[in-house]
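Notes to accompany the following structure.
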Amino acid sequence: MVRRMLPISSITIDDAVMARCARDEATVKEYAEAYRKGLERLPPLDVFYDAETDTHWLADGCQRLGGLDIIGAEEAYCDVREGTKSDAAWFAASANLAHGLRMSPAQRRRSVQLLLAMPEFAETSDTAIAAQCGVSPPTVATMRRSMESTGQREPTETITVTDSHGTTRTRTRTSQGSGRPSRERQAVRQQKALKDGLGDPVPEWLRPVVEDTTELLRFQTAVSEVLKLAEKLPNLPSGAGNCIDVEYLVRQGNEMRRHIEAMKFFAVCPECRAAGKPRSSCRDGCNGHGWFTREEYDARHNK
């Protein structure tokens with residue numbers, strides 16, 4: 001998790017993620033007054049960043065976001081976690097069970113409905129969903145059957161599993177499922193779909209490099225956010241920002257971004273791909289890395 005400022009315009013609010021997206025005007029006004037007077041430091045918004053779709057999903061903080069909107073704020077402090085839309089929905093289901101503006105029983109049931117409608121939670125047990133949403137397992141079971149009967153979700157079956165210690169448990173699985181969790185199936189599909197900048201499949205031994213590239217992208221985004229803040233310093237009403245050399249900060253920031261761009265993975269080395277591993281004696285010129293940056297690739301192809 002990283003705590004940082006995000007442009008409010010970049011945060012996506014989706015009623016398929018949160019059971020309660022509508023504003024409570026009294027709460028929103030109270031939060032706006034707190035932000036305006038500085039009498040209370042409200043918690044950061046909770047956001048999940050999906051690098052694959054470049055989307056920031058709001059998981060908790062609709063009322064706080066409303067307060068920021070009232071005072072005309074353009075940015076918000078956020079706790080940013082890596083995750084998908086379904087990860088945001090799972091987090092949102094348990095938000096406000098013990099703090100903030102409490103969810104009503106109807107909103108908690110709506111949270112159950114949202115989770116059951118997502119393929120990622122097709123095989124999640126009634127007990128787990130109930131605990132996350134603050135309802136009882138029978139409530140989840142009833143809603144599951146109702147949604148299946150109306151075609152809102154794929155039918156499931158209940159199976160009994162006995163482990164090596166003789167403990168018997170029940171679990172659900174989709175009628176088409178093989179018992180493998182849907183999250184795992186989704187991960188397998190993502191692995192198969194992973195491609196380099198040329199559209200060629202990325203071999204498994206290069207996956208750590210691609211994952212590190214995602215970290216570099218996040219760092220590059222953070223640098224960009226810092227530069228945006230730096231450019232606003234000369235406009236501070238008190239003039240306190242005038243003692244900072246903003247032009248120097250911007251030059252250094254842009255240099256950092258160029259350096260990060262030059263380090264990023266772009267394409268798999270053809271010779272190493274054919275060998276099934278990086279080769280120290282690679283004749284394609286990857287220096288035994290097994291991959292090229294964009295600059296290296298373009299240089300080798302005279303672009």
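Scanning for something at pLDDT 80 or above, surrounded by fewer than 13 Cβ atoms within 10 Å (Cβ to Cβ), within 30 Å of R4 (Cα to Cα) and out of contact with any Pro (no Cβ under 7 Å at 6 or more places or on another chain), does the stretch 279-300 turn up at least one residue? For the stretch 279-300, residues at pLDDT 80 or above, surrounded by fewer than 13 Cβ atoms within 10 Å (Cβ to Cβ), within 30 Å of R4 (Cα to Cα) and out of contact with any Pro (no Cβ under 7 Å at 6 or more places or on another chain): absent.
Here G83 fulfils each of the conditions (1) surrounded by 18 or more Cβ atoms within 10 Å (Cβ to Cβ); (2) touching a residue at least 40 places away in the same chain (Cβ under 8 Å) apart from (2). Note on the stretch 1-16: among residues that are touching a strand residue (DSSP E or B) at 6+ places or on another chain (Cβ under 6 Å) and modelled with pLDDT of 85 or more, the one that is nearest to R108 (Cα to Cα) is I13.
Please verify whether the stretch 59-82 includes one or more residues that are modelled with pLDDT of 90 or more and among the hydroxyl-bearing types (S, T, Y). Among the residues of the stretch 59-82, not one is modelled with pLDDT of 90 or more and among the hydroxyl-bearing types (S, T, Y), which makes the answer no. Of everything in the stretch 17-28 that is over 20 Å from E75 (Cβ atoms) and in contact with a helix residue (DSSP H, G or I) (Cβ under 7 Å, 6 or more places away or on another chain), the residue that is modelled with the highest pLDDT is V17. Counting just the residues of the stretch 229-274 that are of a type in the set (K, R) and either in contact with a Ser or Thr (Cβ under 8 Å, 6 or more places away or on another chain) or over 21 Å from P208 (Cβ atoms) (or both), which one comes out surrounded by the most Cβ atoms within 10 Å (Cβ to Cβ)? So, considering only residues that are of a type in the set (K, R) and either in contact with a Ser or Thr (Cβ under 8 Å, 6 or more places away or on another chain) or over 21 Å from P208 (Cβ atoms) (or both), the one surrounded by the most Cβ atoms within 10 Å (Cβ to Cβ) is K264.
Inspect all residues belonging to the stretch 57-74 and state whether any of them is surrounded by fewer than 18 Cβ atoms within 10 Å (Cβ to Cβ), out of contact with any His (no Cβ under 9 Å at 6 or more places or on another chain), in the same structural domain as M18 (by TED's automatic domain parsing) and without any contact (Cβ under 8 Å) to a residue 40 or more places away in the chain. Checked against the condition, which is being surrounded by fewer than 18 Cβ atoms within 10 Å (Cβ to Cβ), out of contact with any His (no Cβ under 9 Å at 6 or more places or on another chain), in the same structural domain as M18 (by TED's automatic domain parsing) and without any contact (Cβ under 8 Å) to a residue 40 or more places away in the chain, the stretch 57-74 yields at least one hit.
Can you tell which of Q152, Q132, Q191, Q186 is modelled with pLDDT of 50 or more and either crowded, with 18+ Cβ neighbours inside 10 Å or part of a helix (DSSP H, G or I) (or both)? Within the list Q152, Q132, Q191, Q186, the selection yields Q132. Of all residues in the stretch 22-34, which are part of a loop (DSSP other than H, G, I, E, B) and either exposed (fewer than 14 other Cβ atoms within 10 Å of the Cβ) or on the phi > 0 side of the Ramachandran plot (or both)? Correct list: A22 only. In the stretch 208-236, the residues that are more than 19 Å from N254 (Cα to Cα) form Cβ pairs under 9 Å with partners that are of a type in the set (A, V, I, L, M, F, W, C) and at pLDDT below 75, at six or more places apart or across chains, as follows: V210/L194.
The values are calculated or read from the model by the stated rules, or taken from the named source; none is laboratory data. No experiment lies behind these values; they were computed from the predicted model shown. Note that each Cβ is placed from the backbone with ideal geometry, even for glycine, and that neighbours are counted across all protein chains shown.
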